[in-house]
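Participant: So that we are looking at the same thing, I have put the structure below in structure tokens.
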Amino acid sequence: MLKVVGRKKDGWLDVESINNFPCTDLSTIDQLWVKYSNAHFGFSVQKRIWQEVGGKPDIDMKIYINFCKCVGWYGSC
């Protein structure tokens, strides 16, 4: 992802590069991630979980913590 947006040297994505990330590349990464994780991981999987826990574009810390638990970033869902 860093290479696609020309930020490999920086080592991180900024808001601008995230907002301008090519949709076709993002879709390809997601499809491969979903396929090779047997549908356990991927951007689309995380989006579905985010919506299931009540997530919306504006961040609610309580919902974010529940999301983190559901995706296994800490604790359990």
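The values are calculated or read from the model by the stated rules, or taken from the named source; none is laboratory data. The structure presented is a predicted model; accordingly, all values stated were derived computationally and were not measured. Cβ atoms come from the backbone with ideal geometry, glycine included; neighbour counts cover every protein chain shown.
Participant: Residue under question is ASP25, and the condition is that it be assigned by TED's automatic domain parsing to the domain that holds LEU2 and either over 28 Å from VAL4 (Cα atoms) or touching a Phe, Trp or Tyr at 6+ places or on another chain (Cβ under 6 Å) (or both); does it hold?
Facilitator: Against the criterion (assigned by TED's automatic domain parsing to the domain that holds LEU2 and either over 28 Å from VAL4 (Cα atoms) or touching a Phe, Trp or Tyr at 6+ places or on another chain (Cβ under 6 Å) (or both)), ASP25 does not qualify.
Participant: For the stretch 15-65, which fully contained helices (runs of 4 or more DSSP H) count at least 3 residues that are loosely packed, with under 11 Cβ neighbours inside 10 Å and not small (Gly, Ala, Ser)? Give the derivation first.
Facilitator: Values: elements: 15-19, 23-36, 43-52.
Counting at least 3 such residues, we get 15-19, 23-36.
Participant: Being among the hydrophobic types (A, V, I, L, M, F, W, C) and loosely packed, with under 10 Cβ neighbours inside 10 Å is the filter here, so list the residues in the stretch 1-14 that pass it.
Facilitator: The one that is among the hydrophobic types (A, V, I, L, M, F, W, C) and loosely packed, with under 10 Cβ neighbours inside 10 Å: TRP12.
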